[in-house]
Amino acid sequence: MGVVELSRRPANVLTAAYPLLVRSLSNLLIVLTAEENRPETYFITLEQGCYPIGECPDPEVYMERVWARLAPLATAQLVIDNRFEPDLPPQLWEGDERTAALREAGRRLAAWDVLPAPFPLEELLDPRDLRHVKRLFGIGGLSYGNLSARRDETTFWMSASGVNKADLREIGRDILLVKGYDEAANAIVLSVPPHIEPRRVSVDAIEHWMIYQENPEVGAIVHVHAWMEGIPSTEINYPCGTRELAQEVARCIRRAPDPSRAVVGLKNHGITVTGPSLEDIFARLEGKLIRQVPMT
């Protein structure tokens with residue numbers, strides 16, 4: 001966490017503070033400003049944007065509000081470790097009809113040109129800082145969301161982390177078979193071909209795993225950094241890949257009128273969509289995506 005104090009509030013806090021977030025290598029930047037002797041506090045995150053704390057003259061209440069923002073993010077548990085088991089059956093080394101559907105869905109997703117982040121980074125950073133972000137976080141034309149498709153009751157295929165969604169080719173590198181979650185080791189378990197050096201699965205694998213486990217009627221899941229009108233949303237902008245975000249999304253889907261065809265907003269981040277198939281999901285999303293996510 002970084003803290004920066006500005007003598008006055010800039011016309012656009014996000015534009016002024018985002019480069020400071022990048023250069024300080026902070027996961028979260030707290031910006032303190034003063035305008036006409038009224039202190040203001042803003043939280044800046046790489047992916048979640050900019051959100052303020054309202055005016056609060058009582059110092060104790062103010063610190064409680066700051067802590068209420070910090071604690072969920074600071075204590076959230078990432079589930080990003082992968083355990084690769086080289087036991088994928090030979091008949092699946094070239095994939096199946098579901099991986100073929102994932103490849104086609106990846107091409108359609110790439111054609112929609114959704115953003116790698118919920119807002120256009122190039123409008124906030126100069127070319128040097130933008131190159132820095134792309135190197136650090138592996139974004140820039142590749143990681144525009146993720147896709148998965150159920151294979152059977154316990155396993156599902158999912159796109160790898162940081163791959164070109166328009167060119168999902170190799171099983172074990174571009175598309176991986178998720179076969180479980182080892183809670184004791186806090187790791188996603190993957191079945192891969194023995195002759196492939198695997199790539200990590202998407203960071204959202206824990207979220208997809210929870211949804212598939214709880215909803216046997218869900219056949220596919222798509223996540224994009226975009227928005228739709230009139231959708232329910234998680235209340236806290238937990239970091240991607242955390243158990244807490246996965247649990248919140250799973251709860252929202254559980255409350256949907258039809259969990260098998262739900263659309264859930266991830267606060268200040270994007271949407272997760274369930275469906276009986278990838279074709280069904282894309283038909284429902286066509287022409288309805290809002291490219292930039294509203295920040296609250």
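Here's the yes/no breakdown for (1) closer than 21 Å to Pro239 by Cβ; (2) among the small types (Gly, Ala, Ser); (3) modelled with pLDDT of 90 or more; (4) open to solvent by 20 Å² or more (accessible area, probe 1.4 Å):
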site	(1), (2), (3), (4)
Tyr42	yes, no, yes, yes
Glu47	yes, no, no, yes
Gly54	no, yes, no, yes
Asp58	no, no, no, yes
Arg65	yes, no, yes, yes
Asp81	yes, no, yes, yes
Glu97	no, no, yes, yes
Ala105	no, yes, yes, no
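Based on what the data block shows, is Leu176 in a strand (DSSP E or B) and not hydroxyl-bearing (Ser, Thr, Tyr)? Lay out the reasoning, then the answer.
Numbers: in a strand (DSSP E or B): yes; not hydroxyl-bearing (Ser, Thr, Tyr): yes.
Answer is yes for this residue.
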Exercise. Mind checking which residues of region 107-133 are surrounded by 15 or more Cβ atoms within 10 Å (Cβ to Cβ) and modelled with pLDDT under 75?
Worked result: Leu115, Pro116, Ala117, Pro118, Phe119, Leu121, Val133
Exercise. Would you pick out the residues in region 255-269 that are surrounded by 23 or more Cβ atoms within 10 Å (Cβ to Cβ) and at pLDDT below 95?
Worked result: Leu266, His269
Problem set entry | Members of region 271-294 found to be surrounded by 21 or more Cβ atoms within 10 Å (Cβ to Cβ) and more than 14 Å from Gly219 (Cα to Cα), listed by number | Ile271, Val293
For this session: Check off (1) in contact (Cβ under 8 Å) with a residue 24 or more places away in the chain; (2) of a type in the set (A, V, I, L, M); (3) outside any helix (DSSP H, G or I) for Ala184 and give me the number that stays unchecked.
Result: (1)
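The values are calculated or read from the model by the stated rules, or taken from the named source; none is laboratory data. Keep in mind the model is a prediction, meaning the values are calculated, not measured. For neighbour counting, all protein chains shown are included, and Cβ atoms are generated from backbone atoms with ideal geometry for every residue, glycine included. These accessible areas exclude ligands, DNA and RNA; they are computed on the full protein's heavy atoms, side chains included. Shrake-Rupley method; radii C 1.70, N 1.55, O 1.52, S 1.80 Å.
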